[in-house]
1. Which condition number does Asp52 fail, the rest of (1) at pLDDT below 95; (2) among the charged types (D, E, K, R); (3) assigned to a helix (DSSP H, G or I) being met?
2. Just one of (1) touching a residue at least 60 places away in the same chain (Cβ under 8 Å); (2) surrounded by 17 or more Cβ atoms within 10 Å (Cβ to Cβ) trips up Leu46, so point out which.
3. Can you tell me which of Val224, Val257 is touching a helix residue (DSSP H, G or I) at 6+ places or on another chain (Cβ under 9 Å) and without any contact (Cβ under 8 Å) to a residue 40 or more places away in the chain?
4. Output yes when any residue across the stretch 299-308 is in contact with a Ser or Thr (Cβ under 9 Å, 6 or more places away or on another chain), surrounded by 19 or more Cβ atoms within 10 Å (Cβ to Cβ), hydroxyl-bearing (Ser, Thr, Tyr) and touching a residue at least 24 places away in the same chain (Cβ under 8 Å), and no when none is.
5. Quick one: in the stretch 261-319, which of the residues that are under 22 Å from the mean Cα position of the chain (by Cα) and among the small types (Gly, Ala, Ser) is nearest to Gly243 (Cα to Cα)?
6. Quick check, is Arg182 surrounded by fewer than 18 Cβ atoms within 10 Å (Cβ to Cβ), touching a strand residue (DSSP E or B) at 6+ places or on another chain (Cβ under 6 Å) and not assigned by TED's automatic domain parsing to the domain that holds Ala57?
7. Answer yes or no as to whether Ala57 is modelled with pLDDT under 95 and either under 25 Å from the mean Cα position of the chain (by Cα) or in the same structural domain as Asp27 (by TED's automatic domain parsing) (or both).
8. Considering only the stretch 269-280, I want to know if a residue exists there that is at pLDDT below 95, crowded, with 18+ Cβ neighbours inside 10 Å, part of a helix (DSSP H, G or I) and not hydrophobic (A, V, I, L, M, F, W, C).
Amino acid sequence: MRNVWGIHNDTLTSELVEEGFVSIGWDAVGDLRKVPGGREGLKARLNAMLPDSKPRAIAGWAGILLRFRDEIQQGDVVVAPYKPDSTINIGVVTGDYEFDETAKVHQHRRRVRWEQIGLSRTIFSQAALYEVGSFLTVFRVREHAAEFLAAISQEAKSLEQTSEIVEKTAPEVEVEVIQEPRASRIERHTRDFVKETLYEDLTPRDFEEFIADLLKSLGYQARVTQYSQDGGIDVIAHRDLLGVEPPLIKVQCKHQVGTIGSPEVQQLSGTQGPGELALFATLGTYSRDARALERQRPGIRLLTGEDIVTLVLEHYSALPERWRAVLPLTPVLVVADSAE
């Protein structure tokens, strides 16, 4: 089995996919191939740069840099959680370590051939997601590597096929993973739970009713249209009680975790009358062309799965009991990531 590595990058976004690489920070260290003395030499360089840092932190950073430079090999697989839309990108390392002096940030790089981009987190088991949610920047994925390898197998040609293959690979009974219960881990687990529940436990019609109730929790009046005879409009929303004052909001709901393209957004835009607004709601994401339409067309808004989860968490108490029973959540105080 090939080695699988997790790499976190909260600095760069679309460049990683478009230009085919993974990267890490600590640019001030310089080209790692030119730092003498192995691990101890690298620790000395880091300590000189960051004299107030604790020895344990220095050792940890040195380990990350050395893993990125030496341990990752060509042919290894990288799993890169993509923070902007909370999806998963998976690729194969195709090059040795390089230091790009022309780059403004993240000059430590490895070339990657991306095999899967924008995979919904709902495809993978919660234990696998928890493992790739490590606090480390570069780390070996050990316990659930098979799931991520399955996602880039030759049989994984569509979202449905990928989901089926990964599900067969995942253990039937997930073993509890003991990790530090920091804030970001708990938040990510909660967000994954909400999105997965909305996808797995709701029918398309339920999802339309949920979006209508979510809009009500935001202060709108909202009603679901007649199912299957709605002309592409699933929910009608408005601010006034009777729905006779502009603007009228036409909502299309797609109960899926894949990527919505520009044709679907174009179709919704075509239903807008004078002074009307349009809202597209999906548990997935949108293509670049779809996003371009949102910027070009006034009065249209695209809600991703992450946007919907954020609204659920922010307005949870205002949701009807029906949905709070489906999504049982409770507020807690947790240890901040910044805690020593």
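The values are calculated or read from the model by the stated rules, or taken from the named source; none is laboratory data. For clarity, every value in this text was computed on a predicted model and none was experimentally measured. Cβ: placed from backbone, ideal geometry, glycine included. Neighbour counts: every protein chain shown.
1. Evaluating Asp52 over (1) at pLDDT below 95; (2) among the charged types (D, E, K, R); (3) assigned to a helix (DSSP H, G or I) leaves (3) as the failure.
2. Tallying (1) touching a residue at least 60 places away in the same chain (Cβ under 8 Å); (2) surrounded by 17 or more Cβ atoms within 10 Å (Cβ to Cβ), Leu46 fails exactly one: (1).
3. On the way: Val257 fails: without any contact (Cβ under 8 Å) to a residue 40 or more places away in the chain.
Just a single option satisfies the conditions, and that option is Val224.
4. Within the stretch 299-308, one or more residues are in contact with a Ser or Thr (Cβ under 9 Å, 6 or more places away or on another chain), surrounded by 19 or more Cβ atoms within 10 Å (Cβ to Cβ), hydroxyl-bearing (Ser, Thr, Tyr) and touching a residue at least 24 places away in the same chain (Cβ under 8 Å).
5. The extreme case among them is Ala281.
6. Details: surrounded by fewer than 18 Cβ atoms within 10 Å (Cβ to Cβ): yes; touching a strand residue (DSSP E or B) at 6+ places or on another chain (Cβ under 6 Å): yes; not assigned by TED's automatic domain parsing to the domain that holds Ala57: yes.
So Arg182 fits the description; yes.
7. Values: modelled with pLDDT under 95: yes; either under 25 Å from the mean Cα position of the chain (by Cα) or in the same structural domain as Asp27 (by TED's automatic domain parsing) (or both): yes.
Spelling it out, Ala57 is indeed modelled with pLDDT under 95 and either under 25 Å from the mean Cα position of the chain (by Cα) or in the same structural domain as Asp27 (by TED's automatic domain parsing) (or both).
8. So far as the stretch 269-280 goes, yes, one or more of its residues are at pLDDT below 95, crowded, with 18+ Cβ neighbours inside 10 Å, part of a helix (DSSP H, G or I) and not hydrophobic (A, V, I, L, M, F, W, C).
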